[in-house]
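The values are calculated or read from the model by the stated rules, or taken from the named source; none is laboratory data. None of these values were measured; they are calculated from a predicted model. Heads up, the Cβs are rebuilt from the backbone with ideal geometry, glycines too, and the neighbour counts pull from every protein chain shown. Protein only, heavy atoms only, side chains kept; ligands, DNA and RNA dropped before computing areas. Shrake-Rupley method; radii C 1.70, N 1.55, O 1.52, S 1.80 Å.
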Amino acid sequence: MNFCPNCGEKRERGAQFCGACGAQFADQSSAQVEKGTASTAETVKSVESGERGRMLQKAKKTLILPLTLVALLGIGAVVAYPIIFNQSAKDLYFMAEAGGDSTLLDVLTEPYQETVALSDYMQEHPYESETTLSADVNAMNIPDIAQLQASLQGNEFVVETMQDPDEEVFWSTLSLIDNGTEAFQAEVYQQEDRTSFGFPLLYESHFSIENDQFGDMMRRNDPYYYGPEEITNFATLPDRWFSFGEPWEEVVTEYGTFLHGLLDDDSFALDEDGDHRTITLHLSEGEVKNVFDDMLLKMTQDEALVQLIVEQGEDGYGHASVSEGDVRDGLQKLRSDISDMSIPDGVQSKMVIDDDEEIIDFDLTFNITDDGYNDGISFVYDFSRNDTAGESYIRNLRVEPVYSGDEYLDVSLVTNKTEEAYGEHYSTAISFMLMDQNGLAADIRLDVMTERRQNETNTDFDLYLSGYEFGHQIPTIHGYVDQSFDHDLSSDYANQDIEAGLTIGAQDQFYGYQEMTFIIDAETEVEFSGDVQITDVSPSTKTDALELTEYEWMDIRNTVSQNLIQHPQYPQY
């Protein structure tokens, strides 16, 4: 171990007794946690050197531990299923936590289960689809809004798509229809690692390029180009979206198992009272630091994990934002920062579960302080479930100074589901409140209400803002999403219509209250077929885009511009 489980002081390499409190160390390697209970009566001597009390530095350091703690406990919850449980207090704790995470995901996705099911089906089956998009805008006290309304009326975009996920073949066209006449069209064809594209109404030839040569092509036109290095294969894009977390599954299982082994059975206590069971967890300061140190040391030495973090940290253009060295340095810095923190009361948690091993109440508390200074931060997380009026779940995190109640941060998530005569009603409220010595700094609240009927889902949401950080002209924001669907995947078809609106209003000193509403309507028809015929676009007239010179590209752009201007539907001024 690297820290004394009794007082939290650092352990000298090879020492058998703590130099601060005299406690004897068990003969274990630094990758294990000392067994047995540890006293927390004594507080840690300060090991931090240099200037103290810099607010920004303290905030960064004190937030490191709770965020990392939440991540580690979440990893531990996921590992509940792979472990063979003997119904110990520790095992019940892990199992209930895993069930709580699944419940949250179910509550957030259940109102849209038809859309989720359709998306999953489209990832695995060949299909043809057509989507028609139209837009409108309404306004109050907005000058010149009529011109924008006129430009939207009679115009619509039509997207036709054919895709075969097994063959990784994709074809799509995007057309702009202006009062019934096609004004613009773009066409894309992809097969495995090559993409063809063209603009049939504006240029006679199509272009083709290897997906991984896109960056090279762009730099031929602009030596300072900074953007995507390759073109994504659209046939595999849904898999990439929905499998974002898959690379982490093995990591989560591995580290969850490791964390489960680090936590001592004696740190958990079980009390049975009728239909309810209460599980308490208490980790001393030394135990907390040892768990963190062992986990972070393992992460630092894990080549696969470090590489995965680098890959997930790529920007939107495919460029790595951090190197492997940066990741290891960050983990080492985190180990150092946690070792320098004081957690005088350790970590305490209480969980109440029912006969189905589902959480009824849960709380997690710990304080981070600096010895000898009147500062420190308290973290309290609460969860409760109430089934008296449907299914209600309340999650709240409060962060506040240990020695002052004038400042605090409250973050909460409240979800509720009720059965109604028409179907189901779902509500979600997310709030963020920050108080400081000057009063209410920021209060952000998002309310989402969804009604789910047969073949129909209606969602309304409101965003409320208040606090001096937003100034005096605080906007009002309201939106809605209405979805109707006709899905029969057994008959190989799915149709849906989605209308979404967003209203933003604000007070203007010249025009008074102004308000604008944007409305988008999308009608989609999908037909599944095992025999989707996707033909390469104009194979006889394709030009290799990478072989074109800068001057040839300039000539193509000029031709496209001239054809666009001369098109009958191009606006004439």
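Rolling a 1.4 Å probe over the heavy atoms of the protein chains gives the stretch 138-271 an accessible area of 55 Å² per residue. In the stretch 250-334, the inverse of the mean reciprocal separation of distinct Cα atoms equals 15.4 Å; this is its Kirkwood hydrodynamic radius.
Other residues within the sphere of radius under 9 Å centred on the Cβ of R398, judged by their own Cβ, net out at -3 (K and R +1, D and E -1). Take the Kirkwood radius over Cα pairs of the stretch 82-230, plug it into Stokes-Einstein at 4 °C and 1.567 mPa s, and you get 62 µm²/s for translational diffusion. Calculated FRET efficiency, D492 and C21, Cβ-Cβ r, R0 56 Å, to nearest 0.05? Efficiency, from the Cβ-Cβ distance: 0.20. Hey, which of these cross-link pairs are over 28 Å Cα-Cα: K90/K417; K90/K333; K90/K298? The answer is K90/K417; K90/K333. Highest mean first, the peptides 141-154, 218-231, 185-198 sorted by other C-beta atoms within 10 Å per residue fall in the order 185-198, 218-231, 141-154.
Take every Cα pair under 8 Å whose residues are at least 6 apart in sequence, average their separation, divide by the length of the stretch 166-301, and the relative contact order is 13 percent.
Taking the stretch 541-557 and a reference point 7 angstrom along Cα→Cβ of R220, the backbone N atoms nearer than 13 Å belong to 543-556. Cα centroids of the stretch 255-315 and the stretch 113-171: how far apart, whole angstrom? The stretch 255-315 and the stretch 113-171 have Cα centres spaced 45 Å from each other.
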